[in-house]
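Enquirer: Structure in structure tokens, see below.
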Amino acid sequence: YLYENDAVEGRSLVFLGDDDLTSIAVGLVSEFLNVRPRRLTVLEVDDRLLSFLSETSGQPCPIDPVQHDLRQPIPAELADQFDVFFTDPPYTIPGLRLFVERGIRALRPEVGKLGFVSFGRKSPAESVEIGRALSDLGLASVEVVPDFNRYDGAQLLAGTSQMIRTVFGGQEAGANEAYEGLLYTRDARRKPRG
């Protein structure tokens, strides 16, 4: 899908979290199709995934794994460096906003840069919130592919998620500050003790 939408060849891609190992798939497909991204970088909090990415990454398409908790600001050396961001954020509106904000912060501040957001299918009312969040962040949704991802054994959201392809409109990214709010559905459902 990334290749079909001109998001690989000669592009710098950043993956914001990569527990599905999409960066490896992009590297393998790039090798098979003989298209070379300029750079593949993964920001990931899980040390096990980072180790795996380091062990499996290699020529001709090396992956640069970076240990980073996306609740923290994008490191200065990675801001404004990429053409494309890809994320599968927590399936909450705050999770979506945070990961997409980080993706925009990583993009070069130029109109037309690409964002790919894998996000659980939601009700029509929640879908409006998703569209509003993306628009508020300066992204135009140009395509939504329902049931793009299927997860065997997953029961949440019927084991599927949609792919939202976006284009950056060029507005200034939001504040690059630490985030301390709730991100995950399970966090919002927990009852406070007391």
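Enquirer: Under 6 Å between Cβ atoms, at least 6 apart or on separate chains: pull out the pairs that start in the range 73-84 with a residue that is over 19 Å from Asp6 (Cα atoms) and end on any residue that is open to solvent by 40 Å² or more (accessible area, probe 1.4 Å).
Expert: Hits for this filter: Pro73/Asn176; Ile74/Arg105; Ile74/Asn176; Ala79/Arg105; Asp80/Arg108; Asp80/Pro109.
Enquirer: List pairs: first in the range 13-39 and assigned to a loop (DSSP other than H, G, I, E, B), second among the β-branched types (Val, Ile, Thr), Cβ under 6 Å, 6+ apart or cross-chain?
Expert: Close Cβ pairs (under 6 Å, with a partner that is among the β-branched types (Val, Ile, Thr)) amount to Asp18/Val42; Val35/Val8; Pro37/Val8.
Enquirer: Being in contact with a strand residue (DSSP E or B) (Cβ under 6 Å, 6 or more places away or on another chain), modelled with pLDDT under 90 and of a type outside the set (Phe, Trp, Tyr) narrows it down to one residue among Thr166, Thr160, Thr56; which is it?
Expert: Testing whether each residue is in contact with a strand residue (DSSP E or B) (Cβ under 6 Å, 6 or more places away or on another chain), modelled with pLDDT under 90 and of a type outside the set (Phe, Trp, Tyr) leaves just Thr160.
Enquirer: Starting from residues that are out of contact with any Gly (no Cβ under 8 Å at 6 or more places or on another chain), under 21 Å from Gln171 (Cα atoms) and of a type outside the set (A, V, I, L, M), keep the ones in the range 113-124 and report whichever is most open to solvent (accessible area, probe 1.4 Å).
Expert: Applying the filter and picking the extreme gives Lys113.
Enquirer: How many of the residues in the range 69-97 are over 13 Å from Leu139 (Cα atoms), surrounded by 17 or more Cβ atoms within 10 Å (Cβ to Cβ) and touching a Pro at 6+ places or on another chain (Cβ under 7 Å)?
Expert: Final tally of qualifying residues: 1.
The values are calculated or read from the model by the stated rules, or taken from the named source; none is laboratory data. Worth saying up front: this structure is predicted, and the values here are computed from it rather than measured. Here Cβ is always computed from backbone atoms with ideal geometry, including for glycine, and neighbour counts include all displayed protein chains. These area figures cover heavy atoms from the full protein model, side chains too; ligands, DNA and RNA do not enter into them. Shrake-Rupley method; radii C 1.70, N 1.55, O 1.52, S 1.80 Å.
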